[in-house]
Amino acid sequence: MKIIVYKNYNQICDLIAKNIVNKINNKNKSVLGLATGDTFIGVYKRLIYYYNSSKVNFNNVITINLDEYIGELKFENTYKYFMYENFFKHVNIKKKNTYIPENMSNISKSVNNFQQIIKNHIIDIQLLGIGFNGHIGFNEPNNQLHANTHVANLNKSTIKDNSRFFEKGSQIPTKAITMGMADIFNAKEIIVVCNNIKKINIIRKLLENDLIDTKYPVSLLKIHNNVNLYILYELYDKIKDNIYNNVIIL
Ligand code: F6R
């Protein structure tokens with residue numbers, strides 16, 4: 001795992017977006033693995049900027065999102081809506097090329113459909129955020145983790161963290177369909193960003209030794225041979241004396 005320390009969120013989003021633009025321009029039918037949440041909003045903004053500046057064309061691009069809530073929820077609270085609002089509606093990506101698990105009543109059908117989509121594609125670049133509890137996708141800390149696409153029961157702490165996106169009194173989902181660990185590990189390159197100082201304990205745990213632990217799902221990324229982890233300087237500065245790995249400071 002390559003650890004890159006950055007000082008400016010906008011700059012790092014631009015660098016990641018440029019990396020994605022290069023990939024798209026050099027490869028017909030690039031496959032991007034996408035995440036929702038706060039972390040990558042800046043990257044989507046830069047991708048939209050490069051599209052508007054005619055530096056990239058999404059006509060042949062395929063996207064696969066990590067996860068989607070399931071259960072009864074307003075469309076505005078779905079990850080489908082998030083992706084549409086923050087990215088898809090601003091570029092020329094084809095709707096049929098954007099894959100997100102379906103929140104439908106036949107859940108096992110939805111899981112199987114999504115697993116098939118993963119099997120049919122190899123993701124070139126996977127964007128990954130880290131949950132406050134160390135989850136990736138919705139692979140929540142546990143004694144055992146799933147390899148494949150599955151229905152995840154969200155941890156109490158995740159439900160609480162996600163409540164910030166929901167109106168007061170509205171029902172917050174407790175389940176989601178998510179890629180499993182093997183699905184994520186199939187990606188050729190994984191880009192992880194931690195831009196939140198409040199995630200310091202997770203990053204400390206991740207970087208203080210070379211252990212992997214299913215109770216910190218993000219630590220399993222140490223097994224993958226092409227992971228770039230970008231961490232905010234303020235965060236690095238607080239834990240630098242305990243970091244086991246080499247880091248690159250931008
Ligand atoms: C979202 C996802 C989650 C988030 C993580 C970080 O599709 O899979 O694992 O990436 O919870 O969320 P933010 O970026 O909001 O801190």
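The values are calculated or read from the model by the stated rules, or taken from the named source; none is laboratory data. These numbers were taken from a predicted model, which means no experiment stands behind them. Counting neighbours? That spans all protein chains shown, and the Cβs are built from the backbone with ideal geometry, glycine included. Note: accessible area is taken over every heavy atom of the protein model, side chains too, but ligands, DNA and RNA are not part of it. Shrake-Rupley method; radii C 1.70, N 1.55, O 1.52, S 1.80 Å.
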Qualifying residues in the stretch 1-48 (those that are part of a loop (DSSP other than H, G, I, E, B) and closer than 20 Å to T78 by Cβ) - the one farthest from the ligand (Cβ to nearest atom): F40
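Conditions tested, residue by residue: (1) within 13 Å of the ligand (Cβ to nearest atom); (2) of a type in the set (V, I, T); (3) modelled with pLDDT of 95 or more; (4) surrounded by fewer than 18 Cβ atoms within 10 Å (Cβ to Cβ).
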{"site": "N153", "(1), (2), (3), (4)": "no, no, yes, yes"}
{"site": "K168", "(1), (2), (3), (4)": "no, no, no, yes"}
{"site": "G180", "(1), (2), (3), (4)": "yes, no, yes, no"}
{"site": "D183", "(1), (2), (3), (4)": "yes, no, yes, no"}
In this structure, does E72 turn out to be away from the ligand (no atom under 14 Å from the Cβ), over 18 Å from Y44 (Cα atoms), at pLDDT 95 or above and assigned to a loop (DSSP other than H, G, I, E, B)? no
Under 7 Å between Cβ atoms, at least 6 apart or on separate chains: pull out the pairs that start in the stretch 124-139 with a residue that is within 30 Å of N25 (Cβ to Cβ) and of a type in the set (A, V, I, L, M, F, W, C) and end on any residue that is in a strand (DSSP E or B) and open to solvent by 10 Å² or more (accessible area, probe 1.4 Å). I125/E189
Which condition number does K160 fail, the rest of (1) within 13 Å of the ligand (Cβ to nearest atom); (2) surrounded by 15 or more Cβ atoms within 10 Å (Cβ to Cβ) being met? (2)
When every residue in the stretch 133-148 that is assigned to a loop (DSSP other than H, G, I, E, B) and under 15 Å from the mean Cα position of the chain (by Cα) is compared, the one surrounded by the fewest Cβ atoms within 10 Å (Cβ to Cβ) is N133
Check on N195, within 13 Å of the ligand (Cβ to nearest atom) and open to solvent by 30 Å² or more (accessible area, probe 1.4 Å): yes
Mind listing just one residue for me: the one in the stretch 203-218 that is closer than 16 Å to N242 by Cα and surrounded by 21 or more Cβ atoms within 10 Å (Cβ to Cβ) and, of those, nearest to the ligand (Cβ to nearest atom)? I203
Residue list for the stretch 92-132, filter: assigned to a helix (DSSP H, G or I) and open to solvent by 60 Å² or more (accessible area, probe 1.4 Å): K95, K96, I107, S108, K109, N112, N113, Q116, K119, N120
I'm told Q126 meets every condition in (1) over 17 Å from the mean Cα position of the chain (by Cα); (2) at pLDDT 95 or above except one. Can you identify the failing condition by its number? (1)
If you go through the stretch 54-69 one residue at a time, how many are outside any loop (DSSP other than H, G, I, E, B) and open to solvent by 80 Å² or more (accessible area, probe 1.4 Å)? 0
Taking I190 as meeting all but one of (1) surrounded by fewer than 21 Cβ atoms within 10 Å (Cβ to Cβ); (2) under 14 Å from the mean Cα position of the chain (by Cα), write down the number of the exception. (1)
